[in-house]
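Worksheet: the structure to be examined is printed underneath.
The values are calculated or read from the model by the stated rules, or taken from the named source; none is laboratory data. Everything numeric in this text was worked out from a predicted model, so none of it was measured. Quick reminder, even Gly has a Cβ in these numbers, built from the backbone with ideal geometry, and neighbours come from all protein chains shown. SASA here: full protein model, heavy atoms, side chains in, ligands and nucleic acids out. Shrake-Rupley method; radii C 1.70, N 1.55, O 1.52, S 1.80 Å.
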Amino acid sequence: MKMDSEAVEIDGSVMEGGGQILRVSAALSCIIGSSIKITKIRAGRSTPGLRPQHLTGLQLVSDLCSGSLQGASIGSTDISLTPGKTRAGNYTADTQTAGSVCLLLQVALPCALYADAASQLCLKGGTNAEMAPQIDYTIKVFKPIVEKFGVHFDCDIRMRSVGFYPKGGGEVMVTVNPVKELTPVTMTERGNITKIYGRAYVAGVLPFKLAKDMSAAAVRTIRKEIKELYINIQPQQEKEKACGNGNGILIIAESSTGCIFAGSALGKKGVYADKVGIEAAEMLLKNIRHNGCVDEFLQDQLIIFMALAKGTSRIRTGAVTLHTQTAIHIAEQLTQAKFTITKCEDELSRNITYIIECQGSGAVNPNL
């Protein structure tokens with residue numbers, strides 16, 4: 001274990017300035033075994049410092065790598081993490097709020113890959129929360145794409161918690177298999193969109209009609225732009241495995257080269273179901289118009305895997321988001337990975353795309 005004098009200092013207020021800095025730096029600290037000190041955490045936010053879900057994520061990583069975590073409490077703006085050996089095991093993390101289980105998975109998954117055996121993560125909180133990927137997105141979009149890097153995990157939704165309730169109550173069980181090292185990925189050709197499908201769901205006491213309205217409105221919106229494909233958005237009533245009353249929709253598009261895109265939305269009080277369906281449809285269309293290979297939400301989530309892989313990854317995207325730029329900044333600060341972003345002028349489409357290229361650091365799992 002390294003002494004604290006060697007801790008890498010990370011400014012938690014730079015660029016996107018949010019929880020993502022914590023997630024990327026804590027995961028990388030655990031994997032490369034170097035101590036970090038993060039200051040000015042979420043300094044620009046309306047409630048600065050650690051929120052329950054950030055704290056839970058940091059504690060989970062610290063547990064995974066037998067680390068020592070200092071300064072970690074709600075509202076804290078400075079923490080340090082000194083990692084030890086990453087060990088497989090059964091870990092439980094509970095935000096005790098509607099804090100997103102997907103964000104807990106984002107910080108824990110990379111660490112668990114570098115353990116000595118498979119790990120079980122029981123993650124509790126919101127499965128379908130505002131301002132975070134929905135669990136369905138994680139399973140349907142994120143999972144098949146990270147599998148290209150050699151990442152293998154299973155995710156079982158035990159209880160869905162829909163909407164933003166302070167209680168949370170959702171639960172997913174994730175099994176992560178370790179890797180010796182990650183392989184680089186090239187995704188530069190989008191191909192044609194071949195399939196569009198999804199689910200519109202209601203949970204709790206909400207009427208099934210809302211699911212049908214969301215689905216119909218989404219199909220109508222996509223139809224205006226994409227006429228030749230059959231669009232299958234199933235309306236569903238979530239009965240047994242859901243807590244809270246809520247509604248939401250996730251629509252997925254797949255391309256001929258294996259790219260996957262999504263648009264999603266959650267219902268809110270006083271918002272018509274049609275509007276929720278249209279919002280998700282427009283988000284999907286926006287993400288397939290640019291002719292890149294990943295949508296704006298997957299873009300930043302792949303950076304850590306590109307940085308760890310052995311070799312050069314190349315991924316074509318639409319506009320590079322601030323989240324992505326932030327993840328790159330932290331990855332370059334903590335690893336030997338080198339990123340370059342090149343603008344592509346494409347005769348075929350008016351839209352500008354970018355290639356994010358990364359010479360990965362080739363992190364090897366010392367525990368396997």
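Quick notes
- Each residue in the range 221-233 was checked for being among the basic types (Lys, Arg) and within 14 Å of residue 198 (Cα to Cα), and 0 pass.
- Each residue in the range 110-144 was checked for being on the phi < 0 side of the Ramachandran plot, surrounded by fewer than 22 Cβ atoms within 10 Å (Cβ to Cβ) and within 15 Å of the chain's Cα centre (by Cα), and 5 pass.
- Subset tally (residues that are of a type in the set (A, V, I, L, M), in a loop (DSSP other than H, G, I, E, B) and open to solvent by 10 Å² or more (accessible area, probe 1.4 Å)) for the range 58-99: 3
- Residue identified as of a type in the set (Ser, Thr, Tyr), without any contact (Cβ under 8 Å) to a residue 40 or more places away in the chain and farther than 26 Å from residue 131 by Cβ among 317, 340, 335, 321: 340
- Checked against the criterion of being in contact with a Pro (Cβ under 9 Å, 6 or more places away or on another chain) and acidic (Asp, Glu), the range 149-157 contains not a single residue that satisfies it.
- Residue 363 being in contact with a helix residue (DSSP H, G or I) (Cβ under 9 Å, 6 or more places away or on another chain), modelled with pLDDT of 95 or more and open to solvent by less than 10 Å² (accessible area, probe 1.4 Å): no
- Extreme residue, least open to solvent (accessible area, probe 1.4 Å), among residues of the range 311-325 that are in a helix (DSSP H, G or I) and farther than 17 Å from residue 360 by Cα: 323
- Meets criteria (in a helix (DSSP H, G or I) and either at pLDDT below 95 or open to solvent by less than 30 Å² (accessible area, probe 1.4 Å) (or both)) for residue 53: yes
- Where residue 175 falls short, out of the listed (1) within 25 Å of residue 283 (Cα to Cα); (2) in a strand (DSSP E or B); (3) modelled with pLDDT of 95 or more: (1)
- Unique residue being modelled with pLDDT under 95 and not aromatic (Phe, Trp, Tyr) when the list is 286, 268, 224: 268
- Tally, over the range 23-50, of residues that are under 25 Å from residue 364 (Cβ atoms) and not in a loop (DSSP other than H, G, I, E, B): 11
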